[in-house]
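One structure is given below, encoded as structure tokens.
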Amino acid sequence: MHYRLPKFKLMGSYDLKEVLQEMNVKKIFNPEEANLQGICELSENANLYVEKAKHEAGIAVDNKGIEAAVYTIIGMNVTSIEPEVYEDVYFYVNRPFAYTITSGDGLPLFMGVTTNL
């Protein structure tokens, strides 16, 4: 198989506090309402709460493979037990495209769209 895929790098940063509050998860961010006892030892008058929550993710694709910001590296390789003869397949990505990186169970780990090549 022959393929051409442009190099690209995408990074994303998301304020989860805002997202969670929109989903009505609010008490954990309020120092007076949060009830997170048992997570760690605190003095009698102290209360544990979530001050901020942030999510960062990224993906980089180059001629060496794929690297995700979670430091999962996926190298491209083809192996087989018994060599088979295949027709050449040419796959050139030269326009906007969508991609998905999945786990071994088929669950999506990263999904995205690249529009500027």
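The values are calculated or read from the model by the stated rules, or taken from the named source; none is laboratory data. All of these numbers come straight from a predicted model, not from anything done at the bench. All Cβ positions, glycine included, derive from the backbone under ideal geometry; neighbour counts span all protein chains shown.
Worth a mention:
- Residue within the stretch 35-54 that is touching a strand residue (DSSP E or B) at 6+ places or on another chain (Cβ under 9 Å), among the aliphatic types (A, V, I, L, M) and at pLDDT below 75 present: no
- Residue in the stretch 19-30 that is assigned to a strand (DSSP E or B), of a type in the set (Lys, Arg) and at pLDDT 75 or above present: no
- Residue, farthest from the chain's Cα centre (by Cα), within the stretch 20-40, restricted to residues that are surrounded by 11 or more Cβ atoms within 10 Å (Cβ to Cβ) and among the β-branched types (Val, Ile, Thr): 28
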